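Accompanying notes for the structure given below.
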Amino acid sequence: MDNLYIAPTPSSPEVDFKFDTHILSLRGESYPENAAAFYGDIVAQLREFLAMQSAITLEVNIALAYFNSSSTKMLFNLIEALDNAAAAGNRVVLNWYHDEEDDTILEFGQELSEDFPAIEFINRSVGAV
Amino acid sequence: MTSCKIADKYGSFFNLAREHQIIFYYVGYFSQHIVAAMADAVKLQLEVAGVAAPTRRKLFSSFVEMAQNIIHYSADSLTPASQTDGELRHGSVCIRREFDGSFSLLCANPIEPLMAEGLRVKLTALRSMTLEEIKLAYRQTLREDTPDGSKGAGLGFLTVARDAREPLEFDFDANDESGDSPVFYLKAAI
(Lines give C-alpha, C1' and ligand atoms only; values in the text may rest on other atoms or scores of the structure.)
Protein backbone atom coordinates (compact mmCIF):
# COMPACT_ATOMS: atom_id res chain seq x y z
CA MET A 1 0.00 0.00 0.00
CA ASP A 2 1.32 3.44 -0.93
CA ASN A 3 2.37 5.87 1.76
CA LEU A 4 0.16 8.91 2.25
CA TYR A 5 1.68 12.38 2.32
CA ILE A 6 -0.28 15.66 2.31
CA ALA A 7 1.69 18.90 2.59
CA PRO A 8 0.58 21.33 5.29
CA THR A 9 -1.34 24.54 4.59
CA PRO A 10 -2.02 27.37 7.08
CA SER A 11 -5.26 25.65 8.09
CA SER A 12 -4.58 21.97 7.53
CA PRO A 13 -1.89 19.75 9.02
CA GLU A 14 0.96 17.85 7.41
CA VAL A 15 -0.17 14.27 7.01
CA ASP A 16 2.74 11.85 6.82
CA PHE A 17 1.53 8.26 6.99
CA LYS A 18 4.50 6.00 6.29
CA PHE A 19 2.61 2.76 6.07
CA ASP A 20 5.80 0.91 5.00
CA THR A 21 7.67 1.75 8.21
CA HIS A 22 4.55 1.80 10.44
CA ILE A 23 5.04 5.43 11.49
CA LEU A 24 2.07 7.76 11.08
CA SER A 25 2.32 11.49 11.85
CA LEU A 26 0.05 14.53 11.89
CA ARG A 27 1.62 17.94 12.51
CA GLY A 28 0.53 21.55 12.40
CA GLU A 29 -2.82 23.26 12.73
CA SER A 30 -6.14 21.81 11.73
CA TYR A 31 -9.12 23.94 10.80
CA PRO A 32 -9.88 23.08 7.19
CA GLU A 33 -13.11 24.45 5.76
CA ASN A 34 -14.57 20.97 5.50
CA ALA A 35 -12.96 18.66 8.05
CA ALA A 36 -15.17 15.73 7.10
CA ALA A 37 -13.89 15.94 3.50
CA PHE A 38 -10.26 16.50 4.54
CA TYR A 39 -10.12 13.63 7.04
CA GLY A 40 -12.62 11.33 5.29
CA ASP A 41 -10.09 10.03 2.73
CA ILE A 42 -7.31 9.87 5.32
CA VAL A 43 -9.37 7.75 7.71
CA ALA A 44 -10.56 5.56 4.82
CA GLN A 45 -6.95 4.84 3.74
CA LEU A 46 -5.92 4.22 7.34
CA ARG A 47 -8.76 1.71 7.80
CA GLU A 48 -7.79 -0.04 4.57
CA PHE A 49 -4.19 -0.35 5.79
CA LEU A 50 -5.17 -1.50 9.29
CA ALA A 51 -7.50 -4.16 7.92
CA MET A 52 -4.49 -5.88 6.31
CA GLN A 53 -2.30 -5.90 9.45
CA SER A 54 -1.86 -8.33 12.27
CA ALA A 55 0.56 -8.22 15.17
CA ILE A 56 2.43 -5.15 13.95
CA THR A 57 3.69 -2.25 16.07
CA LEU A 58 2.45 1.12 14.89
CA GLU A 59 3.94 4.42 16.06
CA VAL A 60 1.53 7.34 15.79
CA ASN A 61 2.63 10.95 16.36
CA ILE A 62 -0.01 13.61 16.73
CA ALA A 63 1.46 17.08 17.19
CA LEU A 64 -1.32 19.54 16.49
CA ALA A 65 -0.99 23.03 17.93
CA TYR A 66 -4.66 23.72 17.31
CA PHE A 67 -7.67 21.88 15.92
CA ASN A 68 -11.19 23.23 15.49
CA SER A 69 -14.40 21.54 16.58
CA SER A 70 -15.06 19.60 13.39
CA SER A 71 -11.43 18.39 13.26
CA THR A 72 -11.83 17.16 16.84
CA LYS A 73 -14.66 14.95 15.69
CA MET A 74 -12.59 13.52 12.83
CA LEU A 75 -9.55 12.92 15.08
CA PHE A 76 -11.82 10.99 17.40
CA ASN A 77 -12.85 8.76 14.47
CA LEU A 78 -9.23 8.29 13.42
CA ILE A 79 -8.15 7.24 16.89
CA GLU A 80 -11.15 4.94 17.19
CA ALA A 81 -9.91 3.13 14.06
CA LEU A 82 -6.46 2.76 15.68
CA ASP A 83 -8.04 1.45 18.86
CA ASN A 84 -9.93 -1.20 16.91
CA ALA A 85 -6.65 -2.29 15.32
CA ALA A 86 -5.01 -2.43 18.75
CA ALA A 87 -7.88 -4.48 20.14
CA ALA A 88 -7.45 -6.84 17.17
CA GLY A 89 -3.92 -7.76 18.24
CA ASN A 90 -1.68 -4.98 16.93
CA ARG A 91 0.40 -2.70 19.16
CA VAL A 92 -0.37 0.99 18.78
CA VAL A 93 1.82 3.58 20.52
CA LEU A 94 0.35 7.08 20.33
CA ASN A 95 2.57 10.06 21.11
CA TRP A 96 0.18 12.88 21.95
CA TYR A 97 2.07 16.18 21.78
CA HIS A 98 0.67 19.29 23.36
CA ASP A 99 1.95 22.70 24.35
CA GLU A 100 2.73 22.70 28.08
CA GLU A 101 0.34 25.64 28.53
CA ASP A 102 -2.49 24.13 26.51
CA ASP A 103 -4.85 22.41 28.94
CA THR A 104 -7.52 21.83 26.31
CA ILE A 105 -5.38 19.59 24.11
CA LEU A 106 -3.93 17.88 27.21
CA GLU A 107 -7.43 17.13 28.54
CA PHE A 108 -8.66 15.91 25.18
CA GLY A 109 -5.68 13.53 25.05
CA GLN A 110 -6.52 12.25 28.53
CA GLU A 111 -10.10 11.62 27.47
CA LEU A 112 -8.92 9.73 24.42
CA SER A 113 -6.67 7.55 26.56
CA GLU A 114 -9.64 6.67 28.79
CA ASP A 115 -11.94 6.00 25.85
CA PHE A 116 -9.46 3.91 23.92
CA PRO A 117 -7.54 1.78 26.44
CA ALA A 118 -6.11 -0.60 23.84
CA ILE A 119 -3.77 2.18 22.66
CA GLU A 120 -0.50 2.84 24.53
CA PHE A 121 -0.91 6.52 25.09
CA ILE A 122 2.14 8.70 25.76
CA ASN A 123 1.51 12.26 26.84
CA ARG A 124 4.27 14.54 25.52
CA SER A 125 4.34 18.06 26.88
CA VAL A 126 6.49 20.47 24.88
CA GLY A 127 7.55 24.09 25.27
CA ALA A 128 6.24 24.97 21.86
CA VAL A 129 4.67 22.55 19.42
CA MET B 1 -8.84 70.51 1.91
CA THR B 2 -9.78 67.02 0.89
CA SER B 3 -8.33 65.42 4.02
CA CYS B 4 -10.63 67.48 6.24
CA LYS B 5 -13.64 66.32 4.29
CA ILE B 6 -12.56 62.72 4.73
CA ALA B 7 -12.16 63.26 8.45
CA ASP B 8 -15.61 64.84 8.66
CA LYS B 9 -17.26 62.10 6.73
CA TYR B 10 -15.47 59.01 8.04
CA GLY B 11 -13.81 60.18 11.24
CA SER B 12 -16.79 59.14 13.35
CA PHE B 13 -16.37 55.58 12.11
CA PHE B 14 -12.71 55.43 13.16
CA ASN B 15 -13.33 57.28 16.42
CA LEU B 16 -16.09 54.85 17.32
CA ALA B 17 -13.70 51.96 16.78
CA ARG B 18 -11.13 53.63 19.05
CA GLU B 19 -13.78 54.37 21.67
CA HIS B 20 -14.83 50.73 21.72
CA GLN B 21 -11.18 49.54 21.84
CA ILE B 22 -11.66 47.50 18.70
CA ILE B 23 -8.52 45.51 18.06
CA PHE B 24 -9.83 43.62 15.08
CA TYR B 25 -12.80 44.07 12.79
CA TYR B 26 -13.73 42.57 9.46
CA VAL B 27 -16.91 42.85 7.47
CA GLY B 28 -17.40 41.26 4.09
CA TYR B 29 -17.38 37.87 2.48
CA PHE B 30 -15.66 35.05 4.32
CA SER B 31 -13.71 32.33 2.54
CA GLN B 32 -11.40 29.76 4.08
CA HIS B 33 -8.37 31.71 2.77
CA ILE B 34 -9.63 34.88 4.41
CA VAL B 35 -10.27 33.07 7.69
CA ALA B 36 -6.76 31.59 7.68
CA ALA B 37 -5.24 35.01 6.96
CA MET B 38 -7.32 36.67 9.68
CA ALA B 39 -6.47 33.94 12.17
CA ASP B 40 -2.80 34.59 11.44
CA ALA B 41 -3.22 38.34 11.97
CA VAL B 42 -5.19 37.85 15.20
CA LYS B 43 -2.62 35.41 16.56
CA LEU B 44 0.28 37.75 15.81
CA GLN B 45 -1.48 40.77 17.25
CA LEU B 46 -2.28 38.99 20.54
CA GLU B 47 1.29 37.72 20.83
CA VAL B 48 2.74 41.18 20.25
CA ALA B 49 0.31 42.67 22.79
CA GLY B 50 1.66 40.23 25.38
CA VAL B 51 -1.68 38.53 26.06
CA ALA B 52 -1.28 35.41 28.25
CA ALA B 53 -1.02 32.16 26.29
CA PRO B 54 -4.23 30.52 27.64
CA THR B 55 -6.25 33.65 26.77
CA ARG B 56 -4.69 33.78 23.31
CA ARG B 57 -5.62 30.16 22.73
CA LYS B 58 -9.24 30.73 23.80
CA LEU B 59 -9.59 33.84 21.65
CA PHE B 60 -8.03 32.15 18.65
CA SER B 61 -10.22 29.07 18.98
CA SER B 62 -13.44 31.03 19.44
CA PHE B 63 -12.51 33.36 16.58
CA VAL B 64 -12.01 30.44 14.18
CA GLU B 65 -15.29 28.78 15.26
CA MET B 66 -17.22 32.02 14.71
CA ALA B 67 -15.59 32.79 11.37
CA GLN B 68 -16.21 29.26 10.09
CA ASN B 69 -19.83 29.45 11.24
CA ILE B 70 -20.20 32.43 8.91
CA ILE B 71 -18.71 30.44 5.99
CA HIS B 72 -21.08 27.56 6.70
CA TYR B 73 -24.32 29.21 7.75
CA SER B 74 -24.65 32.85 6.67
CA ALA B 75 -27.75 33.36 4.52
CA ASP B 76 -25.90 35.84 2.30
CA SER B 77 -23.89 33.65 -0.02
CA LEU B 78 -22.02 34.14 -3.29
CA THR B 79 -21.80 30.39 -3.76
CA PRO B 80 -24.69 27.93 -4.28
CA ALA B 81 -26.23 26.60 -1.08
CA SER B 82 -25.39 23.05 -2.15
CA GLN B 83 -21.65 23.79 -2.37
CA THR B 84 -19.76 22.35 0.61
CA ASP B 85 -16.25 23.57 -0.17
CA GLY B 86 -14.85 26.87 -1.39
CA GLU B 87 -17.81 28.72 0.07
CA LEU B 88 -18.04 32.50 0.24
CA ARG B 89 -20.55 34.00 2.65
CA HIS B 90 -21.11 37.37 4.26
CA GLY B 91 -20.76 38.40 7.88
CA SER B 92 -18.60 40.30 10.34
CA VAL B 93 -16.33 39.53 13.26
CA CYS B 94 -15.02 41.85 15.91
CA ILE B 95 -12.62 41.61 18.83
CA ARG B 96 -12.72 44.36 21.40
CA ARG B 97 -10.80 44.92 24.58
CA GLU B 98 -13.00 45.70 27.58
CA PHE B 99 -11.91 48.34 30.06
CA ASP B 100 -11.05 45.68 32.65
CA GLY B 101 -8.56 44.20 30.18
CA SER B 102 -10.68 41.19 29.19
CA PHE B 103 -11.83 40.55 25.64
CA SER B 104 -15.15 40.36 23.85
CA LEU B 105 -15.56 38.48 20.64
CA LEU B 106 -18.56 39.27 18.48
CA CYS B 107 -19.88 38.03 15.18
CA ALA B 108 -22.90 38.84 13.07
CA ASN B 109 -24.39 37.34 9.94
CA PRO B 110 -27.77 37.13 8.23
CA ILE B 111 -29.59 33.84 8.69
CA GLU B 112 -32.57 32.12 7.11
CA PRO B 113 -35.64 33.23 9.13
CA LEU B 114 -36.48 29.59 9.89
CA MET B 115 -33.11 29.05 11.58
CA ALA B 116 -33.68 31.69 14.25
CA GLU B 117 -35.94 29.60 16.46
CA GLY B 118 -33.58 26.62 16.41
CA LEU B 119 -30.64 28.82 17.34
CA ARG B 120 -32.64 30.45 20.11
CA VAL B 121 -33.56 27.08 21.65
CA LYS B 122 -30.01 25.76 21.38
CA LEU B 123 -28.32 28.86 22.78
CA THR B 124 -30.88 29.41 25.56
CA ALA B 125 -30.20 25.86 26.76
CA LEU B 126 -26.45 26.44 26.52
CA ARG B 127 -26.70 29.65 28.54
CA SER B 128 -28.30 27.82 31.45
CA MET B 129 -25.53 25.23 31.66
CA THR B 130 -22.61 25.20 34.10
CA LEU B 131 -19.08 24.66 32.81
CA GLU B 132 -19.24 21.04 33.98
CA GLU B 133 -22.49 20.52 32.07
CA ILE B 134 -20.98 22.11 28.97
CA LYS B 135 -18.00 19.76 29.17
CA LEU B 136 -20.32 16.78 29.63
CA ALA B 137 -22.46 17.81 26.65
CA TYR B 138 -19.27 18.24 24.63
CA ARG B 139 -18.12 14.73 25.48
CA GLN B 140 -21.51 13.25 24.58
CA THR B 141 -21.80 15.17 21.30
CA LEU B 142 -18.30 14.12 20.28
CA ARG B 143 -19.33 10.48 20.55
CA GLU B 144 -22.63 10.86 18.69
CA ASP B 145 -23.28 10.91 14.96
CA THR B 146 -23.07 14.36 13.41
CA PRO B 147 -26.51 16.02 13.47
CA ASP B 148 -28.36 16.55 10.18
CA GLY B 149 -27.72 19.95 8.66
CA SER B 150 -24.51 20.49 10.61
CA LYS B 151 -21.40 21.06 8.53
CA GLY B 152 -19.17 20.85 11.55
CA ALA B 153 -19.90 18.29 14.20
CA GLY B 154 -22.48 20.05 16.36
CA LEU B 155 -19.57 21.04 18.59
CA GLY B 156 -18.99 24.64 17.56
CA PHE B 157 -21.11 26.52 20.12
CA LEU B 158 -20.06 24.08 22.87
CA THR B 159 -16.41 24.77 22.01
CA VAL B 160 -16.92 28.53 22.28
CA ALA B 161 -19.05 28.24 25.44
CA ARG B 162 -16.38 26.09 27.12
CA ASP B 163 -13.78 28.84 26.70
CA ALA B 164 -16.00 31.82 27.55
CA ARG B 165 -15.91 33.46 30.99
CA GLU B 166 -19.66 34.10 30.96
CA PRO B 167 -22.67 32.51 29.26
CA LEU B 168 -22.72 33.30 25.53
CA GLU B 169 -24.98 36.20 24.60
CA PHE B 170 -27.00 36.23 21.41
CA ASP B 171 -29.56 38.36 19.64
CA PHE B 172 -31.55 38.59 16.43
CA ASP B 173 -32.16 41.82 14.57
CA ALA B 174 -35.08 41.41 12.21
CA ASN B 175 -35.01 45.08 11.24
CA ASP B 176 -31.50 45.21 9.89
CA GLU B 177 -31.22 47.52 6.90
CA SER B 178 -29.14 45.07 4.89
CA GLY B 179 -32.09 42.95 3.78
CA ASP B 180 -34.98 40.67 4.64
CA SER B 181 -32.95 38.10 6.56
CA PRO B 182 -32.72 38.56 10.31
CA VAL B 183 -29.17 39.15 11.52
CA PHE B 184 -27.83 36.77 14.15
CA TYR B 185 -25.42 38.21 16.72
CA LEU B 186 -23.25 36.17 19.06
CA LYS B 187 -20.96 37.45 21.81
CA ALA B 188 -18.39 35.56 23.83
CA ALA B 189 -16.56 37.07 26.79
CA ILE B 190 -13.01 35.70 26.97
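The values are calculated or read from the model by the stated rules, or taken from the named source; none is laboratory data. Here the structure is a predicted model, which is why all the values come from computation and not from measurement. Positions of Cβ are generated from backbone atoms using ideal geometry, with glycine treated the same way; all protein chains shown enter the neighbour counts. Heads up: the accessible areas ignore ligands, DNA and RNA and are worked out on the full protein's heavy atoms, side chains in. Shrake-Rupley method; radii C 1.70, N 1.55, O 1.52, S 1.80 Å.
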Legend entry - Relative contact order (%) - criterion: Cα under 8 Å, at least six apart; region: the stretch B:62-190: 27
Legend entry - Assigned charges on the beta-carbon of Lys, Arg, Asp, Glu; chain A dipole about Cα centre (debye): 400
Inset, instruction - Determine which aspartates and glutamates satisfy two conditions relative to residue A:73: a Cα distance under 17 Å, and not lying fewer than 8 residues away in the same chain. - result: A:29, A:33, A:41, A:83, A:107, A:111, A:114, A:115, B:65, B:144, B:145, B:148
Legend entry - Under-5 Å amide H pairs with residue A:124, H placed in peptide plane, nonlocal only: A:96, A:97, A:98
Inset, instruction - Using only the Cα atoms of the protein assembly as shown, each taken as one equal point scatterer with no solvent, compute I(q) by the Debye sum, divide by I(0), and report log10 of the ratio at q = 0.09 Å⁻¹. - result: -0.51
Inset, instruction - Identify all aspartates and glutamates with a Cα-Cα distance to residue B:5 below 12 Å; exclude those on the same chain that are fewer than 8 residues away in sequence. - result: none
Legend entry - Dipole-positive endmost among B:71, B:11, B:88 within chain B (Cβ charges, Cα centre): B:11
Legend entry - Whole-angstrom gap from the stretch A:61-129 to the stretch A:9-56, using each part's C-alpha centre: 13
Legend entry - Extended-chain gain in nm, criterion 0.36 nm per residue less alpha-carbon gap, residue B:49 and residue B:127: 25.0 nm
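Could you sort B:33, B:20 by their accessible area in this structure, using a 1.4 Å probe and putting the largest first?
Ranked list, largest accessible area first: B:33, B:20.
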Inset, instruction - Just the number, please: carbon plus sulfur as a percent of the accessible area of the stretch A:34-129, 1.4 Å probe, no ligands or DNA/RNA counted. - result: 45
Legend entry - Neighbour-limited loop hits for chymotrypsin sites (Phe, Trp or Tyr not before Pro), the stretch B:69-170 (at most 10 other Cβ within 10 Å; DSSP other than H, G, I, E, B): B:99
Legend entry - Check: the protein assembly as shown dipole with +1 on Lys, Arg Cβ and -1 on Asp, Glu Cβ, in debye: 560
Legend entry - Spin-label pair residue B:15/residue B:115, simplified geometry with 7 Å Cα→Cβ offset, distance in nm: 3.6
Legend entry - Nonlocal amide H pairs with residue B:112, under 5 Å, H built at 1.01 Å: B:75
Legend entry - Within the stretch A:54-129: Cβ-based charge dipole about Cα centre, in debye rounded to nearest 20 (Lys, Arg +1; Asp, Glu -1): 380
Inset, instruction - Kindly write out, for the stretch B:73-84 in residue order, the coupling ³J(HN,Hα) from the Karplus curve 6.51 cos²θ - 1.76 cosθ + 1.60 (θ = phi - 60°), rounded to whole Hz, with x marking Gly and Pro. - result: 10, 4, 7, 9, 10, 8, 10, x, 4, 7, 6, 10
